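Here the structure comes first, spelled out in structure tokens, and everything after it is commentary.
No lab work stands behind these numbers, since they all come straight from the coordinates. For clarity, every value in this text was computed on a predicted model and none was experimentally measured. Here the Cβ positions follow ideal geometry from the backbone for every residue, glycine too, while neighbour counts run over all protein chains shown.
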Amino acid sequence: MRSLSVIQLIIIGLAIFSILVLCLYSSFLTFDPNYYHYQNIRWNEDFAVIPGLGNFEDRLGFNSNYLLLSSIFTLRFIFGQAIYGLQSTLAVILVVWILYETIKSGFELKRIILLALYFLLFYFSREAIADTSTDTIPNLAVFYLMSSLILYPANLKNKPLLYVFVLISLITFKLLFTPLCLISLYVIYLLIKDKKYKEVSFLLIASATIVILWLIRNVIITGYLIYPLGELDLFSFDWKMPAYVVEKQREYISVIANGGFDYAIPHYFEDFMKSNPLLSWTTYFFLSVISVFVVLFFYIRKRGKTNSSLYFVFLILCINTIYWLLTARDFRFCAGVLFSMIFFAAALLIKENSKTGSKVGTLIISISALLLFLSFAKSGSQYYHALKGRNIDNFVSVMLTAPYSENYKMEDSRIFKETSYGRGFEIIPYKMNDSITVFITTHRNGSCFDVFPCTGDASIAKEWKMQDIKKVEARGNKLQDGFRPKK
């Protein structure tokens, strides 16, 4: 590998610093984190798996392993508040890997395009990277696994842990990526073909262990094997969530996830001149569709010149996209797959070893890093002014040592509600029995921030609070005993 110049090191440092600046500040306007992510992580931190926790707040029934994993790394004992840094850590690792690949290759055009696509994926994920998100890590992981495979096709056989264990484990983060497990089955087939039975046994046992433990947690939390799939109704525990809650949540997911897509596609060309198409996710959806025809052309005309296994992988990406379109077609759910398809087609179109040259490559990376810095400097500025406005002593050192706290977000939200709507919100105690007191928020979005244990008021948060807490009872005298519907 060629040695890095001082300028190149500065550029890499600027890119990493930009990501870190972004991660300092996340707005109180984020919905899922303030509503149930923080709560879910806190339950995972403080308690073992709780029977019927989904009755207390139905979204806790989603049971993403991202939220379980996050509870291990909040560093609350160091900072006095939770730090949600898993996705930002992965984002930094990926940008370092891609920059390393780009410079190592002598600024190969294929890797320059990979860098550009990654920055775009990062741009669309920017708000989630600064906060909690059950979509970001799966999307970043899929993008890495697929782009790595496009650059190094032998990885499919040489790194089975990535393409079997990691891909199957992603199901427990985001169920939408289930079709990608077909790639894992193909890798298992290749290993069996090569008589690597010990590797196959280890991979199957490890993968099955992760999935089985996740399914057991689902049953304990909701009473269902997978929530909100009411068809998998196999158990009759007293903590089982009511069928009407499962059905309402499933309908809600479909309406919310599909609404943006159904609007954006027919209005794309109508709004084309009013917005920047390069920063519209609809543009990249159309590019992913075009990539199907590009790959099909190369498969028909130049069969044998590209590893046949890669065409199979691309087919699975297409199947996953179709599954996404038929279920929950929100772009943020499947961005990693769509950008992988685009990179696959671009890699076929570019001649092997086509290079931009060191000067041009450095210029492209410099512009990318500068745009990244300018785009995300806004987060640092917002954090700076938010702390300064609170008259906090040494606010600069506070800013550099910890991200914006959930308590500050709650204060911001209360001020916003009072200013915009003439009314704020309260988080009030509610006694479930003589031994257990929880909290109910009157926030319109059901946001509880860092108040724990807390849930929304079903009479106010009607759209997303599926079960009224007053129709739920504690199963014992401790939170650990769990919750069940009242008879």
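Counting only residues at least eight positions apart within a chain, or on another chain, the lysines with an alpha carbon under 16 Å from that of Lys104 are Lys355, Lys359. Residues Asp58, Asp434, Asp450, ranked from the fewest to the most other C-beta atoms within 10 Å, line up as Asp434, Asp450, Asp58. Taking amide H atoms as placed 1.01 Å from N in the peptide plane, the amide H of Glu473 lies under 5 Å from those of Arg484, Lys486, each 5 or more residues away in sequence or on another chain.
Any chance you could give the angle, 0 to 90 degrees and rounded to 10, that helix 109-124 forms with the longest Cα principal axis of the chain? Computed tilt is about 20 degrees. Here's the list of aspartates and glutamates a cross-link from Lys302 could span, going by alpha-carbon distance under 19 Å and ignoring same-chain residues fewer than 8 apart: Glu352.
Can you give the FRET efficiency for Leu349 and Phe312, using 1/(1 + (r/R0)^6), R0 = 22 Å, r = Cβ-Cβ distance, to the nearest 0.05? According to the calculation, E is roughly 0.65. Pair-distance distribution P(r) for segment 405-485, from all Cα-Cα distances in 5 Å bins starting at 0: 3, 15, 22, 23, 17, 10, 6, 3, 0 percent. Taking a quarter of the surface of the Cα convex hull of the chain gives a mean projected area of 26.3 nm². Against the longest principal axis of the chain, how steep is helix 86-104, in degrees 0 to 90 to the nearest 10, with axes from Cα atoms? Relative to the chain, helix 86-104 is tipped by roughly 10 degrees. One quarter of the convex hull surface built on the alpha carbon atoms of segment 71-146 amounts to 5.7 nm², the projected area averaged over directions.
Panel order for Arg59, Arg217, Arg423, by other beta carbons found within 10 Å of each beta carbon, from fewest to most: Arg423, Arg217, Arg59. Each part gets one Cα centre, and for segment 44-79 versus segment 447-487 those centres are 15 Å apart.
Each listed q (0.19, 0.27 Å⁻¹) maps to a log10 I(q)/I(0) for segment 133-195 from the Debye sum over equal C-alpha point scatterers, namely -0.67, -1.18.
Normalised by the number of residues in the chain, the average gap of Cα pairs under 8 Å and 6 or more apart makes the relative contact order 26 percent. Annotation for Leu225 and Leu374: the two label points, set 7 Å from Cα along the Cα-Cβ direction, are 5.4 nm apart. Only aspartates and glutamates eight or more places from Lys388 in sequence, or on another chain, were considered; those with a Cα closer than 15 Å are Glu411, Asp412. When the alpha carbon coordinates of segment 124-232 are projected onto the principal axes, the ranges are 42, 34, 20 Å, largest first.
Residues Leu371, Leu278 in ascending order of nearby Cβ atoms (within 10 Å, fewest first): Leu278, Leu371. Rounded to the nearest 10 degrees, the angle from helix 281-301 to the longest Cα principal axis of the chain is 40 degrees.
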